[in-house]
Amino acid sequence: MSEIVLAGSGLVKRFGPTVALNGVDLAVGRAETVAIMGPSGSGKSTLLHCLAGIVRPDAGAVHLLGQRIDDLGERRRSALRRTRFGFVFQHGELLPELPAEENVALPLMLGGTARRAAVAAARTWFGPLGLAGMEGRRPGELSGGQAQRVAIARALATRPAVVFADEPTGALDQQTGHDTMRLLVEATRHNDASLVVVTHDPNVAAWCDRTVEVRDGRLLAPSGAA
Ligand SMILES: Nc1ncnc2c1ncn2[C@@H]1O[C@H](COP(=O)(O)OP(=O)(O)O)[C@@H](O)[C@H]1O
Ligand SMILES: [Mg+2]
């Protein structure tokens, strides 16, 4: 593998009596795209949340570019999520009262970029993502697929090391979902970001460099391995 950007090792996470993760190792290379698949309740979201510093594992460690991040306090993990990671959620979660370009600019402004520069940078994402002319629309004036592309722009605008997406096309029809996922995979690769995406769709997983299967909080051995 190329340089390892993100590595979870020995990850364990319990919720009361439920063992959501039961010893998971997963390393993600630079600009590598990894699909996480598995049945409902198998631990996919928990794995993504641990890797992204949203949830603290009970055991194990997460390293970003060699630096341990899981044991940082909430403030520092929050800053890290804002600056080094991008997120695409199932329902986009754009702010409905802001035009699309300001939704994309917002994470840059939160990072200290002045408003005009942030909006100018945000606009550069619209053409490549097939959103030219949509800059001033509010989320309610966009189709579901367009809104998810705005969410992809928002996730990439801060030039994150890793983009996390949890069933990002779950709310779209199949064709729109495919188009959106292909854009997500291509855009993250093109921007030298790694992608960790939870999906139910084998076609989506096929566009990724690698698929890992989660069962009962563990990764299945990759096919072909002992
Ligand atoms: N915040 C939580 N509180 C209690 N149980 C949880 C919580 N999050 C997840 N779980 C449980 O952990 C297991 C794994 O959940 P999750 O990671 O969401 O699975 P998946 O994303 O694969 O559907 C499930 O049994 C789920 O009910
Ligand atoms: Mg889930």
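The values are calculated or read from the model by the stated rules, or taken from the named source; none is laboratory data. Computed from a predicted model, the values in this text were never measured in an experiment. Every residue, glycine as well, gets a Cβ built from its backbone with ideal geometry; the counts of neighbours run over all protein chains shown. Protein only, heavy atoms only, side chains kept; ligands, DNA and RNA dropped before computing areas. Shrake-Rupley method; radii C 1.70, N 1.55, O 1.52, S 1.80 Å.
Heavy-atom accessible area with a 1.4 Å probe sorts Ser143, Ser40, largest first, into Ser40, Ser143. Relative to the longest principal axis of the Cα atoms of the chain, the long axis of helix 74-84 makes an angle of roughly 60 degrees. Accessible surface ranking for His49, His190, His200, His178, 1.4 angstrom probe, highest first: His190, His200, His49, His178. Rolled with a 1.4 Å probe across the full set of protein chains, the surface gives Arg182 an accessible area near 110 Å².
Averaged per residue, the chain has 46 square angstrom of accessible surface, using a 1.4 angstrom probe with ligands and nucleic acids left out. Mean sequence separation of contacting Cα pairs (under 8 Å, at least six apart), scaled by the length of the chain, corresponds to a relative contact order of 30 percent. Of the residues Pro39, Leu94, Ala52, the one whose Cα sits farthest towards the positive end of the charge dipole of segment 33-112 is Ala52 (charges of +1 on Lys and Arg Cβ, -1 on Asp and Glu Cβ, taken about the Cα centre). Taking a ≥ b ≥ c as the square roots of the Cα gyration tensor eigenvalues, with a/c under 1.5 meaning rounded and otherwise prolate when a/b beats b/c, else oblate, which class fits segment 68-154? Cα axes put segment 68-154 in the prolate bin.
Ordering Gln146, Leu131, Pro107 by the projection of their Cα atoms onto the charge dipole of the chain, which places +1 on the Cβ of Lys and Arg and -1 on the Cβ of Asp and Glu, puts Pro107 at the extreme positive end. Computed per residue of the chain from DSSP H runs no shorter than four, each worth -39500 (n - 2.57), the mean residue ellipticity at 222 nm is -10000 deg cm²/dmol. Using the Kirkwood radius over Cα pairs, work out the Stokes-Einstein diffusion coefficient for the chain at 37 °C and 0.692 mPa s, in µm²/s as a whole number. For the chosen part, D equals 184 µm²/s. Rolling a 1.4 Å probe across all protein chains gives Phe15 an accessible area of roughly 100 Å². Taking a ≥ b ≥ c as the square roots of the eigenvalues of the Cα gyration tensor, an a/c ratio of 1.5 or more together with a/b no larger than b/c marks segment 96-137 as oblate. Ligands, DNA and RNA left out, the 1.4 Å accessible surface of the chain is 50% carbon and sulfur atoms.
Amide H contacts of Ala59: Val12, each under 5 Å away and 5 or more positions distant or on a separate chain (H built 1.01 Å from N in the peptide plane; Pro and chain starts excluded). Multiplying each eigenvalue of the alpha-carbon gyration tensor of segment 111-223 by 5 and taking the square root yields semi-axes of 28, 17, 11 Å, largest first, rounded to whole angstroms. Rounded to the nearest 5, the antiparallel percentage of DSSP beta bridges internal to the chain is 50%. Take Trp207: with every protein chain present and a 1.4 Å probe, its accessible area is about 60 Å².
Here the dipole of segment 62-215 is about 660 debye; that uses its Cα centre as origin and unit charges on the Cβ of Lys and Arg (positive) and Asp and Glu (negative). Accessible surface comparison of Asp166, Asp58, probe 1.4 Å, protein chains only, largest first: the order is Asp58, Asp166.
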